[in-house]
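Scroll down for the structure; my scribbles are underneath it.
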Amino acid sequence: MARHTKPKGETAKMQRGFGWLAVLGVLLVLVGLVGLVYTGVAHLTSMILFGRLLLIGGAVGLLHAIQARGTNFFWLGDRGLPGSNEVESRGRSRPSTSRPAWW
């Protein structure tokens, strides 16, 4: 039959520390699960924030477009574009039946 003797040296140290290693392993598994859940929560939070920023930017752009309807910005009007007559269009409004040169 096999003898039951007490382990000596490094083997004894391993047997004494096994309980702590098991506790550490369980703790690391729990922290890993929390990390996985946190990744999902962080992703959802960032998507919600990005969506809100897009909505705010769209609303600001829409309000600015409504406010700038009567103005003649160089990128919206027909001045300086190929095919437009800059001299004739100064000082008078565009006829309602014609489209701008860039249309």
Subset of region 56-97 (residues that are loosely packed, with under 10 Cβ neighbours inside 10 Å and either at pLDDT 85 or above or part of a helix (DSSP H, G or I) (or both)): H64, I66, Q67, V87, E88
Candidate set from region 1-20 (those that are surrounded by fewer than 10 Cβ atoms within 10 Å (Cβ to Cβ) and either in contact with a Cys (Cβ under 7 Å, 6 or more places away or on another chain) or of a type in the set (A, V, I, L, M) (or both)); member that is modelled with the highest pLDDT: A2
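The values are calculated or read from the model by the stated rules, or taken from the named source; none is laboratory data. Here the structure is a predicted model, which is why all the values come from computation and not from measurement. Note that we place each Cβ from the backbone using ideal geometry, even for glycine, and neighbour counts take in every protein chain shown.
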